[in-house]
Amino acid sequence: MKNSVVDAIGNTPLIRLKRASEETGCEIYGKAEFMNPGQSVKDRAGLFIIRDAERRGLLRPGGVIVEGTAGNTGIGLTVVAKALGYRTVIVIPDTQSQEKKDALRVLGAELIEVPAVPYKNPNNYVKVSGRLAEQLAASEPNGAIWANQFDNVANREGHVRTTAEEIWHQTEGRVDGFVSAVGTGGTLAGVGEGLRGRNRDVKIALADPMGAALYSFYTEGVLQSEGSSITEGIGQGRITANLDGFAPDFSYQIPDEEALPIVFDMVQNEGLCLGGSTGVNIAGAIRLARELGPGHRIVTILCDYGTRYQSKLFNPAFLREKGLPVPDWMEETPQIDV
Ligand code: PMP
């Protein structure tokens, strides 16, 4: 029994990924973060950021939590905030999926959509959220805080203390590699730090989508990006505070053409309906498996549930518009007479 929804965050199962394992001769497992109450890995960051602010005495009952987010962190923060008696004001780039925006509104977040512009632009969603938090801190009767997931290391700490520890215990210490994409870097650096703390031989790998700058940073020392990706919630252009001091053992650049067929295969053949970032993660896990060779055990993150992207990733018209291949089954209608 759980005292509240907050206690239902974490302790997600590790699920064996059949095809990825069989193709590589490794055991590849996905941590089912879509099973969190807010249906993504970001519930953990939401919880740790709010608990950290409470411990520091920054949050008063009825206080406001402000955040700039691709959606999932906003959902995680709002689930926790509602359970603990706070409000959330969420700033989201208008390019993010309608389903995430709808979920935020349903959950009771006060949602502000802004045009998607690069981080260096003062009107970038992260910067807008920071300014708004400052304003609301002065005007709201119960005060306001900025969650600041990118540079608030309570995010990373949540993964050191929970995700990494869970993986370690669930595998009974038999884990050879961990792979993750990066949005804030909380997951990659946090799980990486936690697992290396348990066994310094565990190999940690970055799976970077096209359009992100970390692959070039960790392989050549320069932040540089090329191409683009339809994945959401990942693709970082700078070294956030959550990434600071961390370096992966291996880095892979994963094009959508490699990641999306994996997402489509998972839903058709393994009953796992997942978002695009998970495709990048599993593609990265397959690359690490090939790097390490058969017989190794590799863990990655199943970041969020696929229905969150029904209007994009699972929409033939959207895929076609982006020049991406559309799987046949997506357009077939059942041939059953009734
Ligand atoms: N996948 C999705 C769908 C996400 O929303 C996020 C978080 N932005 C991530 C992956 C990456 O997680 P992190 O912020 O811990 O790097």
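We did not get these values from a lab; they are worked out from the coordinates using the rules stated. What you are looking at is a predicted structure, and each value in this text was computed from that prediction instead of being measured. Note that each Cβ is placed from the backbone with ideal geometry, even for glycine, and that neighbours are counted across all protein chains shown.
Of G71, G38, G57, which is farthest along the charge dipole of region 28-78 in the positive direction, counting Lys and Arg as +1 and Asp and Glu as -1 at C-beta?
Result: G57, furthest along the dipole toward the positive end.
In region 156-236, which trypsin sites (Lys or Arg not before Pro) are in a loop and have at most 13 other Cβ atoms within 10 Å, using DSSP for the loop call?
Passing sites in region 156-236 are R174, R200.
Give a residue-ordered list of calculated ³J(HN,Hα) values for region 24-29 (Karplus: 6.51 cos²θ - 1.76 cosθ + 1.60, θ = phi - 60°; whole Hz; x for Gly, Pro).
Calculated HN-Hα couplings, in order: 10, x, 9, 9, 10, 10 Hz.
How high is the relative contact order of the chain, in percent, counting Cα pairs under 8 Å that sit 6 or more residues apart?
19 percent
Which of the listed residues, S228, A181, C26, is farthest toward the dipole's positive end in the chain, when Lys, Arg count +1 and Asp, Glu count -1 at the beta-carbon?
The listed residue farthest towards the positive side: A181.
Gain in length, K322 to L223, computed as 0.36 nm per residue apart minus the alpha-carbon separation, to one decimal in nm?
33.1 nm
What number do you get for region 41-146 when its Cα radius of gyration is normalised by 2.2 N^0.38 Å, N = residues?
Computed over Cα atoms of region 41-146, the ratio equals 0.99.
Mind checking which aspartates and glutamates have their C-alpha under 12 Å from K101, skipping anything on the same chain fewer than 8 residues away?
E110, E113
Relative contact order of region 41-146: what whole-number percent is it, with Cα pairs under 8 angstrom and at least 6 residues apart?
The value is 31 percent.
In the P(r) worked out for region 151-288, what percent of Cα pairs fall beyond 19 Å?
49 percent
Based on C-alpha coordinates, I'd like the Rg and Dmax of the chain, in Å.
Every Cα atom of the chain included, Rg and Dmax give 19.4, 64 Å.
Output ³J(HN,Hα) for region 76-86: one whole-Hz value per residue in order, computed from phi by the Karplus curve 6.51 cos²θ - 1.76 cosθ + 1.60 with θ = phi - 60°, and x for Gly and Pro.
Going residue by residue, I get x, 4, 5, 4, 5, 4, 4, 5, 9, x, 10 Hz, with x marking Gly and Pro.
Can you work out the Karplus-derived ³J(HN,Hα) for every residue in region 118-126? Use 6.51 cos²θ - 1.76 cosθ + 1.60 with θ = phi - 60°, whole Hz, and x for glycine or proline.
After applying 6.51 cos²θ - 1.76 cosθ + 1.60, I find x, 4, 6, 7, x, 9, 4, 4, 5 Hz.
Taking 0.36 nm per intervening residue step and subtracting the Cα-Cα distance, what contour gain separates A116 from T95 on full extension?
6.9 nm
What residue among E99, E67, E33 has the largest mean-square fluctuation in a Gaussian network model of the chain, using Cα springs under 10 Å?
E99
Can you work out the PRE-style zone for N199? Point 7 Å along Cα to Cβ, and I want the residues of region 151-193 with backbone N under 13 Å.
167-178
Hey, what did region 264-323 get for relative contact order, percent, Cα under 8 Å, at least 6 apart?
RCO, region 264-323: 36 percent.
What size of dipole, in debye to the nearest 20, comes out for the chain about its Cα centre when the only charges are +1 on Lys and Arg C-beta atoms and -1 on Asp and Glu C-beta atoms?
The calculation lands at about 1040 debye.
Hey, which of these cross-link pairs are over 26 Å Cα-Cα: K2/K127; K31/K203; K203/K312; K82/K312; K120/K203?
Distance filter (> 26 Å) returns K2/K127; K203/K312; K82/K312; K120/K203.
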